[in-house]
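Chemist: Right, I'll just put the structure down here and ask away after.
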Amino acid sequence: MDFEDTPEEAAFRAEARAWLDANAKLRNPDEPPMGMLEEEGGGGVKRAQQWQAKKADAGWACITWPKEYGGRAASSIQSVIWNQEEGRYRTPPSIFGIGQGMLGPTIMTHGTQEQKDRYIQPMLRGEEIWCQLFSEPAAGSDLAGLRTTAVKDGDDWVVNGQKIWTTGAQFCKWGMIVTRTDPHAVKHAGITYFIVDMESPGVEIRPIKQIAGASGFNEVFFTDCRIPDKNRVGAVNDGWRGAITTLMNERSSIGAGGGGAGVKDLLRLAKQCKRNGRPAIEDSSVRQQIADFYIRTKGLSYTGSRTLTAISKGTTPGPESSIGKLVGAPLRQQMAAFAMDLQGAAGSLVNQDAAEEGIWQLAWLGAPGMRLAGGTDEILRNIVSERVLGLPSEMRADKGVAFSDIPTGS
Amino acid sequence: MNFDFSEEQKLLQKTARDFLADQAPLSLARAVMESDNKYSEELWKETAEMGWLGATIPEEYGGAGFGYLELALLAQEVGRSLAPIPFSSSVYLASEAIIAFGSDDQKKKYLTRLAAGDAIGTVAIAEGPGELGLESVETRFEAGKLTGKKTPVPDGDIADLIVVLAKTAAGTALVIVDGDAGVDKKSLESIDPTRAMGQLTFDGAPAELLGADGEGAAQAEKILDRAAVLMAFEQIGTAERAFDITKEYTLGRYAFGRPIASFQAIKHRLADLYTSIVLATSNAYYGAWALENSSDELGTAACAARVNATEALELAGEEIIQMHGGVGFTWEYDCHMFYRRSKLTGLVLGSAAEWREKLIQRLEAAA
Ligand SMILES: Cc1cc2nc3c(=O)[nH]c(=O)nc-3n(C[C@H](O)[C@H](O)[C@H](O)COP(=O)(O)OP(=O)(O)OC[C@H]3O[C@@H](n4cnc5c(N)ncnc54)[C@H](O)[C@@H]3O)c2cc1C
């Protein structure tokens, strides 16, 4: 049992570090990572694209992808090492994760040769940004309940309907969209998956203002939007298979995150803020609570180390790897709420008016989104109980029923 | 990164699990609970023969010379079987104290007996309700004699060899007392009758210094840290067993025409219990790593392991009864044995609240 790199891993780390040293500046460990896209405005996109192109030229983009696609066929552990190392530098936050992490691998698995030739390279270089058009107003957790239709017309498909919560759509050239092509089949069986040009006629993107004020996601309306049949991914009515590939990749990329203010920052804050006329850190309930946060944070991080160990040995991570977001997102929310409580009435302020420039308030406003995106807490508990623990699946009111006959709330 | 046990260590664990499945079914713990016996002498002898009682004791003193990673896995299996033996007191506490602070003579004299299972050891700190106040003990050691009362002492009533934290002219010290010489041993009624609790009264009992006079509290703290990690593995083993039994039951029990395991209120709580055990296991792994490598981080790692394992097992103890319904509340079903064990193991080394406090003190000291 140890935390050391193997000699091969150490060599890879040194190679990555050498390139990063030559091409980026180290980040002060106390300095937060560079801001997210919403805060950066348009300039953020340019900077992220420039950095991505630089990486691509040097062979450091999408390193796990096969060489034929421009990757270096790196192992999962090398990818982790690369991310750790890149995270130590002042680099723009990636805005390519949905494409490179989820949609690219889907095209590689289910796409035609022509699609691979056309889309993969510009995706890897960050020249074209991608979004995931899955959720709809009436289909989120129950994604297969989607209603957006696609109807064949000559060599095209004509798409009508609405997608929602589409992260980054306003910056994207391409999207991957799941549509209903047979409403009379049971719901998973009548779905077809396409690549859609976000600049084509009949696509209207409206940013949605989120609870913290920024617009990370959008609603996207499709009105007689034509998608050529050559943009279909997988067989007609077999789109669910591709969607599952995408979601599996989503699960492996989400939860990797972490970062942000932590227990150290809470301890500092508890020294600065008073309770009962004394520094709050002297209050036993404060101490007990911070201890609890520390223990959960560490438990999560060492669980990550166990997963990495499996990856490093080239074996499949055990079921413990599935709890990351389920533990991490509520933990983030509770820590932020606690920090605001420590600040008392002043905890009600945000941004520059708040203590520490409002990092806790920002985390608190962002946390509910983490608990929803990429599978809600409840859906994750379903997944853990059914796929990890083998408990029976939900009783379903829609089983074996044609999509058009399934009861709806609206 | 290699944050896992080795194949040999896992093999040892499997052997231990199979052995205990055979030799220590839950009916063995129940037999102890329902008799006047304080532990299973037969299982105790068998574990001695397997070399477990001297797991980390060097071979020159009759031990197996394993590392802490091996002992941690044995502890997990002992916990999984609810083994009714004074394993934690004798192995994680008494033996560890003597390994850490004993002179060569003391090691020769005591460790050989402990490794062979000829003596049951324990460590006596508490002096009544409240926290384990290491600096404020009243029991006195003077001129080779010990006077005072320790209560409760885990396995104190059956101990042959007792390491006592006492007050001395120099501050505090650990001393070793022979359980058969000048000690009045009384059995106390334990919340978990498969684990003995005793009260020890010393009236000028002959005792010898273990380690440095004046360093008792600091030494006791070190022993508690080490024991906390090992106990965490034991607790996790117990929690995993409770989880398995609970899951099995919910799959077989039907209500409203379906297995209760198909109700989301049950599924989600089982997912939460599973999650809690996973986190506790990860913290315990880190504790084991810190213990094996004598890391500076052992202090904080032990706190995290202790608190998290206690929380996971207490949750498991509550849920095993709740998810069994009425039968879970009967003496006849085994559920309450887990409920009882969860609280006993969560208290004997000091409550989770004490360890959370200790954690913050250590984080402050490190900052
Ligand atoms: C920040 C953010 C970014 C997002 N980005 C994208 C994106 O880029 N592309 C995209 O397609 N989507 C995206 N989403 C949408 C996200 O996938 C959905 O919000 C999510 O799947 C939940 O669906 P819903 O919003 O329709 O809520 P619902 O599914 O209606 O859920 C409402 C509540 O009911 C609960 N619930 C639902 N089903 C069950 C069940 N079976 N058992 C128990 N409880 C249940 C849910 O847990 C939730 O608490 C994003 C969402 C957020 C918040």
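Chemist: Looking only at residues that are open to solvent by 60 Å² or more (accessible area, probe 1.4 Å) and assigned to a helix (DSSP H, G or I) in the range A:275-288, which one is nearest to the other protein chains (Cβ to nearest Cβ)?
Modeler: Among residues in the range A:275-288 that are open to solvent by 60 Å² or more (accessible area, probe 1.4 Å) and assigned to a helix (DSSP H, G or I), the one nearest to the other protein chains (Cβ to nearest Cβ) is A:Ser284.
Chemist: Across the range A:173-219, what is the number of residues that are of a type in the set (Phe, Trp, Tyr) and within 11 Å of the ligand (Cβ to nearest atom)?
Modeler: Filtering the range A:173-219 down to residues of a type in the set (Phe, Trp, Tyr) leaves A:174, A:193-194, A:217.
Still in the running and within 11 Å of the ligand (Cβ to nearest atom): A:217.
Here the count works out to 1.
Chemist: Can you name every residue in the range B:132-149 that is open to solvent by 40 Å² or more (accessible area, probe 1.4 Å) and touching a residue at least 12 places away in the same chain (Cβ under 8 Å)?
Modeler: Here is the first cut: in the range B:132-149, the ones open to solvent by 40 Å² or more (accessible area, probe 1.4 Å) are B:135-136, B:138, B:140, B:142-143, B:145, B:147, B:149.
Correct list: B:Glu135, B:Glu138, B:Arg140, B:Glu142, B:Lys145, B:Thr147, B:Lys149.
Chemist: Tell me yes or no: at least one residue of the range B:349-364 is in a helix (DSSP H, G or I), crowded, with 17+ Cβ neighbours inside 10 Å and more than 12 Å from chain A (Cβ to nearest Cβ).
Modeler: no
Chemist: Please specify each residue of the range B:107-147 satisfying the condition of being in a helix (DSSP H, G or I) and aliphatic (A, V, I, L, M).
Modeler: From the range B:107-147, those in a helix (DSSP H, G or I) are B:107-116; that's our starting set.
Correct list: B:Leu111, B:Leu114, B:Ala115, B:Ala116.
Chemist: To continue, here is another question. Filter the range B:272-304 down to the residues that are open to solvent by 10 Å² or more (accessible area, probe 1.4 Å), part of a helix (DSSP H, G or I), more than 9 Å from chain A (Cβ to nearest Cβ) and not small (Gly, Ala, Ser) and list them by number.
Modeler: Once the filter is applied, which keeps residues that are open to solvent by 10 Å² or more (accessible area, probe 1.4 Å), part of a helix (DSSP H, G or I), more than 9 Å from chain A (Cβ to nearest Cβ) and not small (Gly, Ala, Ser), the range B:272-304 yields B:Ile277, B:Leu298.
Chemist: Sticking with this one: Identify the residue in the range A:157-172 that is open to solvent by 40 Å² or more (accessible area, probe 1.4 Å) and in contact with a helix residue (DSSP H, G or I) (Cβ under 8 Å, 6 or more places away or on another chain) and, among all such residues, is farthest from the ligand (Cβ to nearest atom). Before the answer, list the steps.
Modeler: Taking the range A:157-172 first, the residues open to solvent by 40 Å² or more (accessible area, probe 1.4 Å) are A:160, A:162, A:165, A:167, A:170-171.
After this cut, where a residue has to be in contact with a helix residue (DSSP H, G or I) (Cβ under 8 Å, 6 or more places away or on another chain) as well, the list is A:167, A:171.
Numbers: A:Thr167: 3, A:Phe171: 12 Å.
Restricting to residues being open to solvent by 40 Å² or more (accessible area, probe 1.4 Å) and in contact with a helix residue (DSSP H, G or I) (Cβ under 8 Å, 6 or more places away or on another chain), the top hit is A:Phe171.
Chemist: Considering only residues of the range B:255-271 that are part of a helix (DSSP H, G or I) and at the interface with chain A (Cβ under 7 Å from one of its Cβ atoms), which is surrounded by the most Cβ atoms within 10 Å (Cβ to Cβ)? Before the answer, list the steps.
Modeler: Filtering the range B:255-271 for residues part of a helix (DSSP H, G or I) gives B:260-262, B:264-271.
So of that shortlist, the ones also at the interface with chain A (Cβ under 7 Å from one of its Cβ atoms) come out as B:261-262, B:267-268, B:270-271.
On the way: B:Ala261: 23, B:Ser262: 21, B:Lys267: 23, B:His268: 18, B:Leu270: 22, B:Ala271: 26.
The selected residue is B:Ala271.
Chemist: I'm checking my understanding of the structure. Among residues of the range A:141-154 that are within 11 Å of A:Thr181 (Cβ to Cβ), open to solvent by 40 Å² or more (accessible area, probe 1.4 Å) and not hydroxyl-bearing (Ser, Thr, Tyr), which one is farthest from the ligand (Cβ to nearest atom)?
Modeler: Filtering the range A:141-154 for residues that are within 11 Å of A:Thr181 (Cβ to Cβ), open to solvent by 40 Å² or more (accessible area, probe 1.4 Å) and not hydroxyl-bearing (Ser, Thr, Tyr), the one farthest from the ligand (Cβ to nearest atom) comes out as A:Lys152.
Chemist: In this structure, does A:Ala138 turn out to be open to solvent by 10 Å² or more (accessible area, probe 1.4 Å), within 16 Å of the ligand (Cβ to nearest atom) and over 20 Å from the mean Cα position of the chain (by Cα)?
Modeler: Working: open to solvent by 10 Å² or more (accessible area, probe 1.4 Å): yes; within 16 Å of the ligand (Cβ to nearest atom): yes; over 20 Å from the mean Cα position of the chain (by Cα): yes.
Considered against the rule, which asks whether it is open to solvent by 10 Å² or more (accessible area, probe 1.4 Å), within 16 Å of the ligand (Cβ to nearest atom) and over 20 Å from the mean Cα position of the chain (by Cα), A:Ala138 comes out as yes.
Chemist: Has the range A:104-112 got any residue that is small (Gly, Ala, Ser), away from the ligand (no atom under 16 Å from the Cβ), within 20 Å of A:Arg17 (Cα to Cα) and in contact (Cβ under 8 Å) with a residue 12 or more places away in the chain? I'd like the intermediate steps shown before the answer.
Modeler: At the first step, the residues of the range A:104-112 found to be small (Gly, Ala, Ser) are A:104, A:111.
After this cut, where a residue has to be away from the ligand (no atom under 16 Å from the Cβ) as well, the list is A:111.
Checking the rest, the ones that are also within 20 Å of A:Arg17 (Cα to Cα) come to none.
No: zero hits.
Chemist: Would you please list the contacts, defined by Cβ atoms under 8 Å and residues six or more apart or on different chains, that run from a residue in the range A:131-142 that is closer than 15 Å to A:Glu204 by Cβ to a residue that is in a strand (DSSP E or B) and within 6 Å of the ligand (Cβ to nearest atom)?
Modeler: A:Cys131/A:Thr166; A:Cys131/A:Thr167; A:Leu133/A:Thr166
Chemist: If A:Tyr294 passes every condition in (1) touching a residue at least 24 places away in the same chain (Cβ under 8 Å); (2) open to solvent by less than 20 Å² (accessible area, probe 1.4 Å); (3) at the interface with chain B (Cβ under 9 Å from one of its Cβ atoms); (4) within 25 Å of the chain's Cα centre (by Cα) but one, which one does it miss?
Modeler: (2)
Chemist: Can I ask one more? What is the number of the single condition among (1) within 16 Å of the ligand (Cβ to nearest atom); (2) within 14 Å of chain B (Cβ to nearest Cβ); (3) not small (Gly, Ala, Ser) that A:Val388 does not meet?
Modeler: Against the list (1) within 16 Å of the ligand (Cβ to nearest atom); (2) within 14 Å of chain B (Cβ to nearest Cβ); (3) not small (Gly, Ala, Ser), A:Val388 comes up short only on (1).
Chemist: Mind listing whichever residues of the range A:50-84 are on the phi > 0 side of the Ramachandran plot and in contact (Cβ under 8 Å) with a residue 40 or more places away in the chain? Quick ask: steps written out before the conclusion?
Modeler: Here is the first cut: in the range A:50-84, the ones on the phi > 0 side of the Ramachandran plot are A:59, A:62, A:70, A:73.
Matches in the range A:50-84: A:Cys62, A:Gly70.
Chemist: Give me the helices (runs of 4 or more DSSP H) completely within the range A:311-403, filtered to those with at least 3 residues that are open to solvent by 60 Å² or more (accessible area, probe 1.4 Å), hydroxyl-bearing (Ser, Thr, Tyr) and outside the structural domain of A:Asp292 (by TED's automatic domain parsing), ordered by residue number.
Modeler: Details: elements: A:324-342, A:359-372, A:377-383.
Qualifying helices (runs of 4 or more DSSP H): none found.
Chemist: Suppose we filter the range A:113-135 for residues that are open to solvent by 30 Å² or more (accessible area, probe 1.4 Å) and either within 12 Å of the ligand (Cβ to nearest atom) or aliphatic (A, V, I, L, M) (or both); how many remain?
Modeler: Number of matching residues: 2.
The values are calculated or read from the model by the stated rules, or taken from the named source; none is laboratory data. Owing to the predicted nature of the structure, the values given are computational and were not obtained by experimental measurement. Quick reminder, even Gly has a Cβ in these numbers, built from the backbone with ideal geometry, and neighbours come from all protein chains shown. These area figures cover heavy atoms from the full protein model, side chains too; ligands, DNA and RNA do not enter into them. Shrake-Rupley method; radii C 1.70, N 1.55, O 1.52, S 1.80 Å.
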